[in-house]
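Just so it is clear, none of the values below were taken in a lab; they were calculated from the coordinates. Note that this is a predicted model, so its numbers are computed, not measured. Note that we place each Cβ from the backbone using ideal geometry, even for glycine, and neighbour counts take in every protein chain shown.
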Amino acid sequence: MMIRSRFAKKRRLRYISHLELLDTFRRAVRRAKIPGKYSEGYNPTLNLSLSQPLPVGMPGGGEYLDLELKESVSGEKFVIELNKNLPAGIKMDEARMVGDKNLKSLQALVDRARYIIEPPENKDDEYRIILDKLKNSCELIVTRERRNKDDRQYNIREMIHEIDLTEDNRWSFLVSTGSRGNVRPQEIVQALRKFKPGLPVIPITNFYREGMYVSYEDRIITPLSEEILKER
């Protein structure tokens with residue numbers, strides 16, 4: 001059996017890596033006496049997995065965790081006990097038992113991410129024009145550097161699904177993520193520079209991953225949505 005949960009990673013904890021985050025959760029599960037299931041072999045570890053890694057330094061508000069259990073635990077108890085044993089900066093928000101483990105892994109399931117970006121300067125009208133140009137473009141070519149390989153160019157426009165300016169004048173982008181197509185956060189800024197040359201460098205701390213989602217029919221839903229859990 002498995003429990004799936006949603007959590008936020010903010011404050012100073014945004015500077016820990018994906019592997020460090022996994023270790024943090026494993027320690028918290030042990031301290032909370034949650035009956036997690038371990039792998040077999042000489043070096044057993046908790047069967048725990050996370051959604052796509054957050055870049056180091058970027059906070060996230062809708063991240064997901066799957067934990068295999070030896071026995072059932074209520075979602076409410078899981079959230080309360082884990083929050084007691086997690087460091088400040090990581091907060092569990094919701095959890096649901098999903099019964100068995102015949103469910104797609106989070107990294108295979110999640111295919112959308114929403115990023116909120118704090119612009120470097122307060123130029124609302126100018127940025128609205130730039131975002132409109134981005135919306136109306138058919139092609140956005142970015143260059144990806146590849147280790148020990150030649151750089152490669154990609155058209156990321158078809159992987160940017162929503163472009164908005166929020167009420168507090170931040171940029172909001174819903175993009176593809178995962179193995180079927182992935183837009184890196186910095187590539188969004190790289191694309192914006194095509195419409196505004198000289199756009200200042202935006203530090204990773206100005207990015208916020210608001211949530212991870214699943215494209216389902218013609219909608220965007222979360223990994224905890226009833227439609228997903230029914231399909232296991």
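Can you pull out the residues in the stretch 63-92 that are in contact with a helix residue (DSSP H, G or I) (Cβ under 7 Å, 6 or more places away or on another chain) and either acidic (Asp, Glu) or at positive phi (or both)?
Scanning the stretch 63-92 gives Asp66, Gly89.
Can you pull out the residues in the stretch 99-110 that are in a loop (DSSP other than H, G, I, E, B), surrounded by fewer than 20 Cβ atoms within 10 Å (Cβ to Cβ) and on the phi < 0 side of the Ramachandran plot?
Hits for the stretch 99-110 are Asp100, Lys101, Asn102, Leu103, Lys104, Ser105.
Give the stretch 55-87 a look and list any residue that's under 24 Å from Val214 (Cα atoms), of a type in the set (A, V, I, L, M, F, W, C) and assigned to a loop (DSSP other than H, G, I, E, B), or say none.
Val56, Met58
Take the conditions part of a loop (DSSP other than H, G, I, E, B) and under 30 Å from Ile202 (Cα atoms) and apply them to Pro44. Does it pass?
no
Residue-by-condition table, conditions (1) polar (S, T, N, Q); (2) under 22 Å from the mean Cα position of the chain (by Cα); (3) closer than 30 Å to Met2 by Cα:
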site: Lys91; (1), (2), (3): no, yes, yes
site: Asp125; (1), (2), (3): no, no, no
site: Arg146; (1), (2), (3): no, no, no
site: Glu158; (1), (2), (3): no, yes, no
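Considering only strands (runs of 3 or more DSSP E) fully contained in the stretch 158-224, which possess at least 3 residues that are hydrophobic (A, V, I, L, M, F, W, C)?
So the answer is 160-165, 171-176, 207-216.
Which members of the stretch 105-130 meet the condition of being without any contact (Cβ under 8 Å) to a residue 60 or more places away in the chain and not acidic (Asp, Glu)?
Ser105, Asn122, Lys123, Tyr127, Arg128, Ile129
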